[in-house]
Every structure is written in structure tokens, then in C-alpha cells.
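The values are calculated or read from the model by the stated rules, or taken from the named source; none is laboratory data. Computed from a prediction, not measured in an experiment: that's the story for all the values here. Using ideal geometry, Cβ is built from the backbone for each residue, glycine included, and neighbour counts are taken over all protein chains shown.
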Amino acid sequence: GVFPQDFSILMTIKPKAGAQSFLLSVYNEQGIQQLGVEVGRAPVFLYEDQHGKPAPEDYPLFRAINLADGKQVDSFYIFDLCEGFCSKQIEHLK
């Protein structure tokens, strides 16, 4: 099948302090991970379309966000990736 060019992922999570693990993994028919969301000290968004793009070195990394710091707060945070906060462009095959 064809991997969608435009999609969104919304998660509400509360990982344990120090956790680093995949929350979501989607594999193709050949067993290759095409979509993955790893949470923890350095969250990773893994994405690969049916053409093998982007290359692993071009996966978006979010080093400035620690989702497993164990802190509980009485407020909320909004990270607007469209405004450039800890975001990286994903190149699509044209």
C-alpha cells in the first residue's frame, strides 16, 4: 500500500520517570518498521514511506524535550510544531 503523505498523531501520556521505550510501532508486510514513536529522555519520531524515505539520519529528533522526567505539574504545555518548536521537516517523495 501507499503510506499517507499527510497525517497526525496525538498522544496523551504519563510515562514513568526514566522510561525510554516505543509507544507506537507500525510495520509493513516485510516486517520493516515504517512508523514509530519513542518516548522518554529523547523522544524520537520514526517514519519511513513505501520508498524508504526519509533516511534514518533525517528522522526528527526532539532532544530539548524530556517526556520521562517524572515531574507532575498542575498546568499544561502546548508544543506547536507548526511554529517550529523542536520540529524538523520531513521530506516527501514528489
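Before moving on, here are some points about what is shown:
- The listed residue being over 28 Å from V2 (Cα atoms) and at pLDDT 55 or above, out of Q34, Q72, Q30: Q72
- Each residue in region 26-46 was checked for being surrounded by fewer than 17 Cβ atoms within 10 Å (Cβ to Cβ) and part of a loop (DSSP other than H, G, I, E, B), and 7 pass.
- Filtered by the rule that a residue be under 19 Å from Y27 (Cα atoms), among the aliphatic types (A, V, I, L, M) and in contact with a Gly (Cβ under 9 Å, 6 or more places away or on another chain), region 40-70 gives V44, L46.
- Top-ranked residue in region 8-25 [being without any contact (Cβ under 8 Å) to a residue 24 or more places away in the chain and under 12 Å from the mean Cα position of the chain (by Cα); ranked as surrounded by the most Cβ atoms within 10 Å (Cβ to Cβ)]: L23
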